[in-house]
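The values are calculated or read from the model by the stated rules, or taken from the named source; none is laboratory data. Remember, it's a predicted structure, so these values are computed and weren't measured experimentally. In this analysis, Cβ positions are derived from the backbone assuming ideal geometry, glycine residues included, and neighbour counts consider all displayed protein chains. What goes into the accessible areas is simple: the full protein's heavy atoms, side chains included, and nothing from ligands, DNA or RNA. Shrake-Rupley method; radii C 1.70, N 1.55, O 1.52, S 1.80 Å.
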Amino acid sequence: MQTQTVRSRTAAQTAGLFGMGKFRLTGLFLVVAGLTFLGVAIAINVSSARSEENRIIATMTEQSVRDARVIAGVVTELLGTEGNASPFPSDTADRPALVDISDFLGQSKIVRLRLYASDGRFIWGSTFDQSDVNMHQLPIFEKTANGTSSSGLIHGFTVKPPGGQPYRADVVETFIPFMDADTDAPTIVLGVTRDVTQELTGRISQTRSGIFRSTLISLSVGFIVLLIAVLSVDIRLWDHRVKAIEHERRLASQELASMKLDLVNRELQQINDERTRFLSTVSHELKTPLASIITLADILSQSQGGADKDRNLEHLEIVKTSGGHLLTLINELLDHSRLESGQVSIEREEFEVEEVVAELVRSMSPLLDAKSQSLVFECDFQGQRVRLDRRRLMQVLMNLVNNASKYSPEGTSVRIEGQILDGDLVLAVTDQGVGISEYDQARLFTKFFRGDNEATKAVSGTGLGLSITREIVEAHGGTVGVRSRIGHGARFSVTIPSGMPPVPSVPGSAERTGPTRIMARNVQRKTPGLAGGI
């Protein structure tokens, strides 16, 4: 189920990677920037058009005022307004003596001349239209009330030329007041209407074209710069997303591999547990009939007689020896399976170490006597006590002494050194055997290991003794080690917390008593063994 979850999550991450788009930020920028630049271009276009209109209005107004003054002078002469003071200069420099009004109006693009009363009523006009000041002209006309000329642009003004069809145009309407000399108020207002459609359209189009080009160039440069920056950021973000998803994939793969490994480990552990139970069951079932075989063989050996006595005793001794080896193998398999499965608990009790020493000497003497070997135990316990599993400690010493005896030649000695140092029980077993190579020392305490040399292969064994020894020592919280050279014997050292508070040493006590020396019976010779402390 967990494996399927990890695979689903990995697939979802892959789909998300290809679904979110590599240039999503760039596309969003293109849309926003396009709309923004379009708005800016429209705003600049409208602003430039208005600005150009204002400039044209100012220019046309100035021109209309000049033309209107000329026309006003002519009108003043034609009307003979002697009683009214003209608002224009009295000299004739600004108006010619003879003026062709038609030619002048055509050249100036003036489409209409009109005279209005001060209140906006129609008096005279150059066209057939006789309407008063309308709502479009009124805002401009009202500015003449204070005696000043005014001008303004009117869009969509209907022009009605004489003899022609009316049309709509953009015009500049200019009003020039004629002032009364006595009241200093306008009496008559001259209206001049100038058609500026073509000029306004041309100049605005030209202005817009120039501004559009410059704006387009500026915006294009800015757009390209921003696009490159956004594209660069988008690529970096994409790379970051890809790396993040690849990292998630690696984590998911590692998690999947870890789960597979855990599953394999659980299966292996289950197989190992089943193997351990099988060994324990088989060993237990074999132990009972084997013990009966050994016991019956011993009984039969004691009741032999007749001519075949010697032969029968020899055969029974072979049965007993083989049964003993088989029983040892079964016991080691039982100990190993129990220790490995954690079924064996350490049962601590308080006792003197010298008691274990005496029991060890009694148990191992027959084995050593068979090879004319001696067991020398040098200790400095002085009645000190420990709190350990007595039976398991005895098993450790017996395994080490048994190995020392098996791999040592006849007539040699096995030395056991021991003391309690800083609350730890320290033991060492030294032999004069074949020795162990450095390569074999690294694997010596593993299960079923046997040294790869002829001297070791010649000795029977299961390869479980030292593995069981290490498990017992480590179950007590201690350590076991070895030091050896090929052809110079081996030294196994064991350090186990004694479980008792440290006993302060009395100065001079060691010199007075000296170490206790216990030797097995039938000692052939006494050798100091390998030098070196524990």
Please verify whether Gly383 is at pLDDT below 70 and either more than 22 Å from Arg470 (Cβ to Cβ) or in a strand (DSSP E or B) (or both), treating the condition exactly as stated. no
In the set Gly147, Gly125, which member is on the phi > 0 side of the Ramachandran plot and more than 60 Å from the chain's Cα centre (by Cα)? Gly147
One residue is enough: does region 176-196 have a residue meeting the conditions open to solvent by 30 Å² or more (accessible area, probe 1.4 Å) and among the basic types (Lys, Arg)? no
Return the total of residues in region 41-53 being among the hydrophobic types (A, V, I, L, M, F, W, C), under 19 Å from Ile217 (Cβ atoms) and surrounded by 14 or more Cβ atoms within 10 Å (Cβ to Cβ). 2
Residue pairs qualifying under the 6 Å Cβ cut-off, at least six apart or on distinct chains, with the first in region 398-425 being open to solvent by 20 Å² or more (accessible area, probe 1.4 Å) and the second being outside any helix (DSSP H, G or I) and among the basic types (Lys, Arg), are Glu410/Lys371
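Go over the candidates Gly27, Gly39 one by one and state the one that is out of contact with any strand residue (DSSP E or B) (no Cβ under 9 Å at 6 or more places or on another chain), farther than 18 Å from Val225 by Cα and either at pLDDT 75 or above or not in a helix (DSSP H, G or I) (or both).
So the residue among Gly27, Gly39 that is out of contact with any strand residue (DSSP E or B) (no Cβ under 9 Å at 6 or more places or on another chain), farther than 18 Å from Val225 by Cα and either at pLDDT 75 or above or not in a helix (DSSP H, G or I) (or both) is Gly39.
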Neighbours by Cβ (under 9 Å, 6+ apart or cross-chain): first from region 289-318, at positive phi and hydrophobic (A, V, I, L, M, F, W, C); second assigned to a helix (DSSP H, G or I) and at pLDDT 70 or above: none
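Mind telling me which of the residues Ser253, Ser205, Ser258 ends up being loosely packed, with under 15 Cβ neighbours inside 10 Å and under 30 Å from Ser51 (Cα atoms)? Spell out the reasoning first.
Values: Ser253 fails: under 30 Å from Ser51 (Cα atoms); Ser258 fails: under 30 Å from Ser51 (Cα atoms).
It is Ser205.
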Cβ-Cβ under 7 Å pairs, at least 6 apart or on other chains, region 343-368 side assigned to a helix (DSSP H, G or I), far side basic (Lys, Arg) and open to solvent by 10 Å² or more (accessible area, probe 1.4 Å): Val356/Arg390; Ser365/Arg521
Identify, please: which residue in region 134-172 is without any contact (Cβ under 8 Å) to a residue 40 or more places away in the chain and surrounded by 19 or more Cβ atoms within 10 Å (Cβ to Cβ) and is, among those, nearest to Glu199 (Cα to Cα)? Asp170
Determine, yes or no, whether Arg213 is open to solvent by 60 Å² or more (accessible area, probe 1.4 Å), assigned to a helix (DSSP H, G or I) and not polar (S, T, N, Q). yes
Can you tell me which residues in region 114-166 are among the hydroxyl-bearing types (Ser, Thr, Tyr) and over 24 Å from Arg55 (Cα atoms)? Tyr116, Ser118, Ser126, Thr127, Ser131
Filter result (open to solvent by less than 50 Å² (accessible area, probe 1.4 Å) and either at pLDDT 70 or above or out of contact with any strand residue (DSSP E or B) (no Cβ under 7 Å at 6 or more places or on another chain) (or both)) within region 69-80: Val70, Ile71, Gly73, Val74, Thr76, Gly80
